[in-house]
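What follows is one structure encoded as structure tokens, with my remarks underneath.
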Amino acid sequence: MESRLTSLFFRLGRGRVVGAFALLTLLSQATMRVMLSRLGADTLRLQLTFSSEGFLAILGRWGRMGTSVYMSHFWLDFAHPFLYSVFFAALTAWLSGRSRQNPPGTFFLALFAMPFLAGACDLMENVIHVLMIEAVLPVSDPLVFASGTASAAKWLLLLASALVCLALAGKRIAVAATKKGEDRPHGV
């Protein structure tokens, strides 16, 4: 019997799903870049800050207007992790070339799940930021450390997912080139 994760692997591992979520992820990322462009690199610094002093210093540089701009992007940033998680998972499944006759093992399922873990870390980071900025929770070293750790894990998992996809694409290209070379008559 097929596991739920394996079933999801096959449902997402289709070219149309990859294409649709690539477009949605790109549009979402571009929209957020435009929304946050006036805040510059401080948006990334805020994500990767591990101390309350650093967090408050960045918010202080932004002032009320910049902080308001940052808060305004969250309507999209709570959907964005879902979009890129599905995109990278679908791309991993599609590039793997696995089929129901040759289903993914534990290793491929772990690679497939990696983007979803990144998305979960992103959501944790977002929730902590919103709660601290809206003063629902105090800006404290443990909370800032937790959000910074979640953000660092998100970026590492996304980088790993992108590298997995590049490796799978390279393997697919190499296999196709080998097959093409084998189809040619000898001596040509």
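The values are calculated or read from the model by the stated rules, or taken from the named source; none is laboratory data. Please read all numbers here as calculations on a predicted model, not as lab measurements. Cβ sites come from the backbone with ideal geometry, for glycine too, and all protein chains shown count toward neighbours.
Evaluation of Phe87 against the conditions (1) at pLDDT below 95; (2) in contact with a Leu (Cβ under 9 Å, 6 or more places away or on another chain) shows that the sole unmet condition is (1).
Look at region 101-147 and say how many of its residues are among the small types (Gly, Ala, Ser), out of contact with any helix residue (DSSP H, G or I) (no Cβ under 7 Å at 6 or more places or on another chain) and outside any helix (DSSP H, G or I). Residues in region 101-147 being among the small types (Gly, Ala, Ser), out of contact with any helix residue (DSSP H, G or I) (no Cβ under 7 Å at 6 or more places or on another chain) and outside any helix (DSSP H, G or I): 2 in total. Checked across region 84-105, the condition of being among the charged types (D, E, K, R), buried (at least 18 other Cβ atoms within 10 Å of the Cβ) and more than 12 Å from the chain's Cα centre (by Cα) holds for at least one residue.
The set of residues in region 77-89 being in contact (Cβ under 8 Å) with a residue 40 or more places away in the chain and closer than 15 Å to Leu23 by Cβ consists of Ala79, His80, Leu83, Tyr84, Val86, Phe87, Phe88.
For region 7-50, filtered to residues that are over 18 Å from Met65 (Cβ atoms) and polar (S, T, N, Q), the residue that is surrounded by the fewest Cβ atoms within 10 Å (Cβ to Cβ) is Ser7. Inside region 1-57, residues that are in a helix (DSSP H, G or I), of a type in the set (S, T, N, Q) and either under 22 Å from Leu76 (Cβ atoms) or in contact (Cβ under 8 Å) with a residue 24 or more places away in the chain (or both) make up a count of 9. Restricting region 90-116 to residues that are modelled with pLDDT of 95 or more and not hydrophobic (A, V, I, L, M, F, W, C) leaves a set whose member that is nearest to Ala30 (Cα to Cα) is Pro115.
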